[in-house]
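A short write-up of the structure that comes next.
The values are calculated or read from the model by the stated rules, or taken from the named source; none is laboratory data. Note that the structure is predicted; figures quoted are calculated from it, not measured. A quick note on method: Cβ atoms are made from the backbone with ideal geometry, for glycine too, and the neighbour counts reach across all protein chains shown. Note: areas computed on protein heavy atoms with side chains; ligands, DNA, RNA excluded. Shrake-Rupley method; radii C 1.70, N 1.55, O 1.52, S 1.80 Å.
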Amino acid sequence: TFVSLDCGRDIEYKKKSSFLMTQPFVMKSTNGQLENPDNVIFLGDQKGRKSFLGNFASSTQGIKTGEDDRYKRTFWELSSKTAEWVWYQSTTSSVSEFGGLEHFLYWGENGNHLARKQGMSAWVKKGIAVSQMSSLPCCAYIGGAFDSNMTAITVKQDADLSALHGFALSGALSKAVREFDQSLKPTNSSFEKVLFEKEEWKSYYTENYPKGLPEPFSDIPTQWIFHGHP
């Protein structure tokens, strides 16, 4: 066993000093940690659970253009979309059903000019877009090109999509990653290592989204799915 105490990512160093003196330590099993993917250390309560998100979904890294100023545009900068440009999903600032839908990417001749043309294995699949920034806000991934500032988590079986949406849109996915990865930008593999109770989150989704997620729409005019109504 080993002694553990998680002082938290958002606690100032002066408060951490007090935290160390007042909060109870927790004893954790070393053998239990060795059973985690890549031996990741979880300080939270695992309750004997060994079901990880990576069993049901894959996290994929997005495109690095090498020259954003040259190849990336907000969609309203072009009078019309041509075949040379593709929709390009990016980060969102808060948890929402849809977000990060402001840009076009110059695709040219099959994107061969890009520094890293990656993430295409996720295209046309369904899942969640996670912004790889401080609070890791989530929204729906709509199945197209996306940049490397977000990760696309796509399900291996469509039947698991509702559970993934419930897990992410509740904010639980982001909190679960921060239990063991407090780096400024977690790696894509970190998202597959979180504990995931599929049936629990499927029930959450059914309760909170009885009609399922709506078709992509937004009240924000900077999103290409802006509905345009007064």
Residue check, residue 171 at positive phi, open to solvent by 10 Å² or more (accessible area, probe 1.4 Å) and touching a helix residue (DSSP H, G or I) at 6+ places or on another chain (Cβ under 8 Å): no
Residue within segment 1-9 that is at pLDDT 85 or above and not aliphatic (A, V, I, L, M) present: yes
Criterion (basic (Lys, Arg) and out of contact with any strand residue (DSSP E or B) (no Cβ under 7 Å at 6 or more places or on another chain)) met by exactly one of 156, 175, 125, 117: 175
Criterion: open to solvent by less than 30 Å² (accessible area, probe 1.4 Å), over 12 Å from the mean Cα position of the chain (by Cα) and farther than 26 Å from residue 40 by Cβ - qualifying residue of 212, 166: 212
Residue satisfying condition, being farther than 20 Å from residue 33 by Cα and surrounded by fewer than 21 Cβ atoms within 10 Å (Cβ to Cβ), within set 148, 189: 148
Single match in 148, 80 (criterion: of a type in the set (Ser, Thr, Tyr) and more than 25 Å from residue 182 (Cα to Cα)): 80
So residue 222, is it open to solvent by less than 20 Å² (accessible area, probe 1.4 Å) and more than 28 Å from residue 6 (Cβ to Cβ): no
Elements of type strands (runs of 3 or more DSSP E) in segment 35-145, at least 3 residues being open to solvent by less than 60 Å² (accessible area, probe 1.4 Å) and modelled with pLDDT of 95 or more: 57-61, 85-89, 103-106, 127-131, 138-141
